[in-house]
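K.L.:
This is the structure, below, for whatever I ask next.
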Amino acid sequence: MRPAIVSERVAPPARPALSLVGGDIGRSAASQPPSGCWVARLSLGNFRCYEAAELMVDHRPVVLVGANGAGKTNLLEAISFLAPGRGLRRARLSEIDRRPPGGPGRTNGPAGPGWSVAARVMTPEGPRDLGTGRAAQGDHGAPPDGGESGEARERRVIKIDGAYARGQQALGEVVRMVWLTPRMDGLFRDGPGGRRRFLDRLVTGFDPGHGGRLAAYEQAMRQRGRLLKTAAQDADWLSALEDTMARHGVAIEAARRGFVAELSRACAQAEGPFPRARLDLDGDVNARLAAGPALEAEDGMRARLAAARRQDAETGGAAVGPHRSDLKVADVETARPAADGSTGEQKALLLSIVLSHARLLAAERGTAPLVLLDEVVAHLDPDRRRALFEEILGLGVQAWLTGTEEGLFADLGAAAQAFAVTGGRLTPLGG
């Protein structure tokens, strides 16, 4: 029996160029060209709840409406794999494979094809075709992705314009992307790991090579950790790994340091109902960069790593390095740390940072990022909701927004394209 298609090809509904948002703002945004890249076609295969789906849209913001569990976040996750990294859920590659309704097992056996995401992305340089997915076992035609998964048995394939790419950094050269999800609600209160990942995604939007340096640093740190646990340690090999960690580590922290200063200035100059954020980078490597040149910071990091070998062998990891840095955020007006604010205040600060990042990219790189906002709108009061929509339209970004109620997006009017998501099926709204 032929399997049912989860979603037929869905084109955006035809609408007049009219918006309820800010009158002329919405009217012009419905027809003005975008300032960044945008997804024109998205195709999924065996991805989460989608057996097969294809969505065709234009440059306007995309609204996905549906009940919890309908598949809205799965679509955003698929888009997030068009950028370097492990996606907005940071899931293992095999966890993404579609599972049949009511059953725990994967649709395909271990040797079958894994999930896939393909997209036609429009950029200022022209259309680009991107594809990625989990490589099937025994598929030796694709080069290793050079990503950050660290999972030897899982391989992610990446294609750009029909040709295999050797690393995820190539995706960052095409697509800049940032997202906010409910999983990030505790970003300011939880440990520093999530804040570092958030910061590094923002930095990668300006410098695609940042992701490659992170991957090289983490690989050298893992190799050093394994070597320290062996009985016969190779001192020359340890020195070589520590040299790699120092060179990449200082470069990583220097990129973070410069970007945080620039983004903090942009946040301080922002206007509107969202709180203005002050950002600072906290860490030993950052302090040494503030005190002297980068070469001295590298030499100091090499010396500290060598001196900490015995300690690191016992505790694991490394006592010094950019993996121990933290992003500190406070409200400019009150000087109160973000961690001390209410949940609503923290979400508003996060959204303020994301919008400032998009403005900064558009101003300095000439291209705004894709913005994925999962269940963000429901937590905003009407004034901030309207301000968010106006900012998105004014920047010309293609934002993908999800919510359980269509009325939350009424102010967008025809300046956006909306789809109902029901059980993995996509239906245009308002057409």
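The values are calculated or read from the model by the stated rules, or taken from the named source; none is laboratory data. All figures in this text were calculated on a predicted structure; none of them were measured in a lab. Note: ideal-geometry Cβ built from the backbone for every residue, glycine included; neighbour counts use all protein chains shown.
K.L.:
State all residues of segment 310-336 that are under 17 Å from Leu187 (Cβ atoms) and either of a type in the set (Lys, Arg) or assigned to a loop (DSSP other than H, G, I, E, B) (or both); if no residue qualifies, say none.
P.N.:
Matches in segment 310-336: Ser325, Lys328, Arg336.
K.L.:
Let me spell it out: the conditions are (1) touching a Lys or Arg at 6+ places or on another chain (Cβ under 8 Å); (2) among the polar types (S, T, N, Q); (3) surrounded by fewer than 15 Cβ atoms within 10 Å (Cβ to Cβ), and Asn286 meets all of them except one. Which number is the exception?
P.N.:
Result: Asn286 fails condition (3) only.
K.L.:
Then there is this: Can you find, within segment 263-283, the residue that is nearest to Arg226 (Cα to Cα) among those that are out of contact with any strand residue (DSSP E or B) (no Cβ under 9 Å at 6 or more places or on another chain) and surrounded by fewer than 18 Cβ atoms within 10 Å (Cβ to Cβ)?
P.N.:
The extreme case among them is Arg265.
K.L.:
Next up: For segment 297-353, which residues satisfy the criterion of being among the aliphatic types (A, V, I, L, M), crowded, with 18+ Cβ neighbours inside 10 Å, touching a residue at least 40 places away in the same chain (Cβ under 8 Å) and out of contact with any strand residue (DSSP E or B) (no Cβ under 7 Å at 6 or more places or on another chain)?
P.N.:
Those that are among the aliphatic types (A, V, I, L, M), crowded, with 18+ Cβ neighbours inside 10 Å, touching a residue at least 40 places away in the same chain (Cβ under 8 Å) and out of contact with any strand residue (DSSP E or B) (no Cβ under 7 Å at 6 or more places or on another chain): Ala297, Met301, Leu305, Ala318, Ala348.
K.L.:
I'd like to know if segment 224-239 contains one or more residues that are in contact (Cβ under 8 Å) with a residue 60 or more places away in the chain and under 30 Å from Leu373 (Cβ atoms).
P.N.:
no
K.L.:
Determine which single condition Leu171 fails, assuming it passes every other condition in (1) under 26 Å from Pro124 (Cα atoms); (2) of a type outside the set (Phe, Trp, Tyr); (3) touching an Asp or Glu at 6+ places or on another chain (Cβ under 6 Å).
P.N.:
With respect to (1) under 26 Å from Pro124 (Cα atoms); (2) of a type outside the set (Phe, Trp, Tyr); (3) touching an Asp or Glu at 6+ places or on another chain (Cβ under 6 Å), Leu171 is out only on (3).
K.L.:
Which of the residues that make up segment 415-426 are at pLDDT below 95 and either of a type in the set (Ser, Thr, Tyr) or over 17 Å from Leu372 (Cβ atoms) (or both)?
P.N.:
Thr422, Gly423, Gly424, Arg425
K.L.:
What number of residues within segment 397-419 satisfy the criterion of being closer than 16 Å to His379 by Cα, crowded, with 18+ Cβ neighbours inside 10 Å and not hydrophobic (A, V, I, L, M, F, W, C)?
P.N.:
Number satisfying all stated conditions: 3.
Residue-by-condition table, conditions (1) touching a helix residue (DSSP H, G or I) at 6+ places or on another chain (Cβ under 6 Å); (2) surrounded by fewer than 19 Cβ atoms within 10 Å (Cβ to Cβ); (3) under 16 Å from Leu130 (Cα atoms):
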| position | (1), (2), (3) |
| --- | --- |
| Leu42 | no, no, yes |
| Val63 | yes, no, no |
| Lys72 | no, no, no |
| Ile79 | no, no, yes |
| Arg89 | yes, yes, no |
